[in-house]
Structure formats: C-alpha cells, structure tokens
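Peer 1: One structure follows; several queries about it will come next.
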Amino acid sequence: AKDDGKGVVRRFDPSRFAETAQRRKDENDLRRALAECQFEVHYQPIVDLQGNYTVGVEALVRWRHPLRGLLSPGDFIDLTESLGLMHRLGLWVLREACVQAVQWQREHPGFKLNVNLSATQLASPELTDEIRTVLTDTGMPADLLVLELTESAALTDLTESARVLDSLKSLGVRIALDDFGTGFSSLSHLGALPVDVVKIDKSFVQAMQETTANGSVAEAVLHIARTFNLSPVAEGVEDEVQAEMLRELACTQAQGYHFAKPMPASELTGLLTRQTTK
Ligand code: C2E
Ligand code: CA
Ligand code: CA
Ligand code: CA
C-alpha cells in the first residue's frame, strides 16, 4: 500500500491493473486492425413489405479478428470512438460499401445503400467534402445513398445539425434518422431537420404484440412519419406476425432477421440473383 500524501492509502489493485493492461492490448489490436484492414462490411437487406423484395441494404461493419473471430460493432465501436479512430473507420466503410453497391446497381438499377454515420463524423468540418470525394471516386449515384444517423447524434445541437445536414443534402444524398422513437422528447424538433427517412427502432417493433403502452409507439411513430412526410423503415422485424402488423399500419419498408440477417457481399449477390428486385 502507498500513501498518496493526502492521508488516503491506495492499495495496488490487481484487477484494475489487469483492466488497464487489457485496454492497452485492445488499443494495439485495433490500431493494427485498421492498418492491416481486418474490417469487412456486411449487408442486411431492406425489403418492400408489400412485395417482399429487396430494395437496398444497410452496410454494417464487422471486425475479422485474427484470434477472436468475427466481431460485431458492439464489441469495438466504443473503443474505436474513444481512440478517435471512428471517423477513419466510418469513411472506410462508406467507400467500401459504395464500390460494392455500384456493382449491384449494374444488375439492379435503383438499388439503395444505407451507411451509418457516427456523431464524431457528423462533427467533422471535412465530412461533406470527404463524402463528395467518395461519390466521385466510386461513381455511386448520390440519390441512392442514404446516410443514417441516430436521433441522439442529430438532436444535441439542432442548429448545427441542420447546417451539417443541409450541407450533406446539397450533395444529393438522403438522410435517415436511426433508432427513431428512442429520443421521444425531441420529436417536436423533427420539422427543423432536413430528414427523408425514419428507421423505427426495433424495441417498438418488438413491443407491437404486447398490450402495453409501448406497443402503440410503433403506430404513433408511423403516424408522425406520415405527418412530416418521411418514409418509414421498420427495424428488427423477426417474424411474420410483426411484418403483417406493420403492413396493416401501412409501413412500406422493413429490415430484420425475418427477411435476412446481415451477410457478406458475396452472399448478398447470390440472394439478389435468386430473388426479384425492383
Ligand atoms: P443499427 O444501425 O441500429 O443497426 C441495426 C442492428 O440491428 C445491427 O446490429 C443488425 O445486425 C441488428 N439487427 C438486424 N435485424 C435484427 C433483428 O431482426 N433483430 C435484432 N435483435 N437485431 C437485428 P449490428 O450489426 O451489431 O450493429 C450494431 C450497431 O452498430 C448499429 O445499430 C450501428 O449503430 C452501429 N454500426 C454498425 N456499423 C456501423 C458503421 O459502419 N458506422 C457506425 N458509425 N456505426 C455502425
Ligand atoms: Ca443504422
Ligand atoms: Ca437502428
Ligand atoms: Ca441501434
């Protein structure tokens, strides 16, 4: 034990030490992963609920860890953010996904691509220029790119967000509010943002069958979407009962394990050739 001079005796804590050592190792792993490009993009279909055909995909990043196998964002996004590397990773995902989407668009004209933007990307003054460069380099049509950002990222500073989103929209891309409904207090501000699409959070989709107040949130959110003239996409649809309830509520598009899980590009190519798209 060591006296820190303020009369507080600090003990050596082996578990804290192990934590710090682990974190340093994770940091090194992550930096190497970026340098060696151990990341890949998986794609989850977004389907038209009436015809059950794929209209586009959401790009979701994965880390092919040399020892731990395939990792999901939940395992590394927070660390990536805290190391200040999220902007770089996000831009890599965008470029990779655009290259891929242009391939799919050859066979399936109008095929859409959704890409997630982190709050740190949104805060960067270079963002619009960087996205413009990716669009030019890859030949991705701007109107087929949907940039997804969470309500919490978009609504912290409304004036600033509106300015950034206007700048992005000047490129011709579309904007989606992700996890919609989870920041309900800010709904009144929705009209102030240049948003085109709302993605209804899976918690509300999964609560639809319950007879709780939460069960009607999906319906309320769909109502709000219509009021503001926004296209709704329901997230986390896991069974046909949910899909049917959403159809009855006139929700047009959905995403979820019921239709398809996120998959590597090659698998999605196979899926697209087997099914009709529009
Ligand atoms: P998100 O944007 O809300 O993405 C949807 C998440 O729901 C994905 O998790 C997807 O695999 C999962 N999901 C899809 N269908 C279902 C379903 O039917 N049931 C359930 N329970 N889950 C379903 P994933 O891939 O683990 O990604 C988690 C989050 O990580 C994403 O949530 C997004 O916020 C973030 N993320 C992923 N890729 C990127 C990226 O490239 N950039 C940034 N900034 N964030 C990313
Ligand atoms: Ca998303
Ligand atoms: Ca979401
Ligand atoms: Ca989420």
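The values are calculated or read from the model by the stated rules, or taken from the named source; none is laboratory data. Here the structure is a predicted model, which means the values were calculated and not measured. Because the Cβ atoms are built from the backbone with ideal geometry, glycine has one as well, and the counts that use them run over all protein chains shown. The protein model used for the area step is the full one, side chains on, heavy atoms only, and it has no ligands, DNA or RNA in it. Shrake-Rupley method; radii C 1.70, N 1.55, O 1.52, S 1.80 Å.
Peer 1: Within the bounds of the stretch 205-222, is there any residue that is of a type in the set (Ser, Thr, Tyr), at pLDDT 90 or above, open to solvent by 40 Å² or more (accessible area, probe 1.4 Å) and under 21 Å from Ala250 (Cα atoms)?
Peer 2: no
Peer 1: Right, something else. Those residues that are of a type in the set (Lys, Arg) and under 14 Å from Leu171 (Cβ atoms), I need them from the stretch 93-140; list them, please.
Peer 2: Correct list: Arg132 only.
Peer 1: When you go through (1) of a type outside the set (Gly, Ala, Ser); (2) in contact with a Gly (Cβ under 6 Å, 6 or more places away or on another chain); (3) open to solvent by less than 40 Å² (accessible area, probe 1.4 Å) one by one for Trp63, which number turns out not to apply?
Peer 2: Here Trp63 meets the rest and fails (2).
Peer 1: While we're looking at this one, here's another question. Restricting the search to the stretch 24-65, which residues are farther than 30 Å from Glu107 by Cα and either without any contact (Cβ under 8 Å) to a residue 24 or more places away in the chain or within 16 Å of ligand 1 (Cβ to nearest atom) (or both)?
Peer 2: Residues satisfying the conditions are Arg24, Lys25, Asn28, Leu30, Arg32, Ala33, Leu34, Ala35, Glu36, His65.
Peer 1: Count, please, the residues in the stretch 225-264 that happen to be open to solvent by less than 30 Å² (accessible area, probe 1.4 Å), out of contact with any strand residue (DSSP E or B) (no Cβ under 6 Å at 6 or more places or on another chain) and in a helix (DSSP H, G or I).
Peer 2: Looking only at that region, the number is 2.
Peer 1: Continuing with the same structure: Give the residues of the stretch 30-85 that are within 30 Å of Cys251 (Cα to Cα) and part of a helix (DSSP H, G or I), sorted by residue number.
Peer 2: Pro73, Gly74
Peer 1: Now, a different point. In contact with a Leu (Cβ under 9 Å, 6 or more places away or on another chain) and at pLDDT below 95: which single residue out of Leu83, Leu94, Leu113 fits that description?
Peer 2: Testing whether each residue is in contact with a Leu (Cβ under 9 Å, 6 or more places away or on another chain) and at pLDDT below 95 leaves just Leu83.
Peer 1: Of all residues in the stretch 177-204, how many are over 26 Å from Thr128 (Cα atoms), at pLDDT 90 or above and part of a loop (DSSP other than H, G, I, E, B)?
Peer 2: Number of matching residues: 1.
Peer 1: Something else: What are the pairs with Cβ atoms under 6 angstrom where one residue, in the stretch 117-133, is over 12 Å from Ser167 (Cα atoms) and the other, located anywhere, is not in a helix (DSSP H, G or I)? Sequence gap at least six, or different chains.
Peer 2: Going by the 6 Å Cβ cut-off, the qualifying pairs are Leu117/Leu147; Leu117/Leu149.
Peer 1: Report yes if Leu79 is surrounded by fewer than 18 Cβ atoms within 10 Å (Cβ to Cβ) and either of a type in the set (Ser, Thr, Tyr) or in contact (Cβ under 8 Å) with a residue 24 or more places away in the chain (or both), otherwise no.
Peer 2: yes
Peer 1: Another question about this same structure. Consider Gln100 against the criteria (1) under 20 Å from Val198 (Cβ atoms); (2) buried (at least 18 other Cβ atoms within 10 Å of the Cβ); (3) among the polar types (S, T, N, Q): it satisfies all of them except one. Which criterion is unmet?
Peer 2: Result: Gln100 passes all but (1).
Peer 1: Exactly one condition in (1) touching a Lys or Arg at 6+ places or on another chain (Cβ under 9 Å); (2) within 27 Å of Leu145 (Cα to Cα) is false for Arg11; which is it?
Peer 2: (2)
Peer 1: For the stretch 115-155, what are the residues that are among the polar types (S, T, N, Q) and either under 21 Å from Leu230 (Cα atoms) or in contact with a helix residue (DSSP H, G or I) (Cβ under 8 Å, 6 or more places away or on another chain) (or both)?
Peer 2: Of all residues in the stretch 115-155, those among the polar types (S, T, N, Q) come to 116, 118, 120-121, 124, 128, 133, 136, 138, 150, 152.
Of everything in the stretch 115-155, those that are among the polar types (S, T, N, Q) and either under 21 Å from Leu230 (Cα atoms) or in contact with a helix residue (DSSP H, G or I) (Cβ under 8 Å, 6 or more places away or on another chain) (or both) turn out to be Asn116, Ser118, Thr120, Gln121, Ser124, Thr128, Thr138, Thr150, Ser152.
Peer 1: Right, Val93: in contact (Cβ under 8 Å) with a residue 24 or more places away in the chain and farther than 20 Å from Ala33 by Cα or not? Write out each step before concluding.
Peer 2: Working: in contact (Cβ under 8 Å) with a residue 24 or more places away in the chain: yes; farther than 20 Å from Ala33 by Cα: no.
No, not satisfied.
Peer 1: Could you list, in sequence order, all residues of the stretch 132-176 that are touching a strand residue (DSSP E or B) at 6+ places or on another chain (Cβ under 8 Å), open to solvent by less than 30 Å² (accessible area, probe 1.4 Å) and either of a type in the set (D, E, K, R) or part of a helix (DSSP H, G or I) (or both)?
Peer 2: Residues satisfying the conditions are Leu135, Leu144, Glu148, Glu151, Ala154, Leu165, Leu168.
Peer 1: I'm told Leu117 meets every condition in (1) within 16 Å of ligand 4 (Cβ to nearest atom); (2) open to solvent by 70 Å² or more (accessible area, probe 1.4 Å) except one. Can you identify the failing condition by its number?
Peer 2: Unmet condition: (2).
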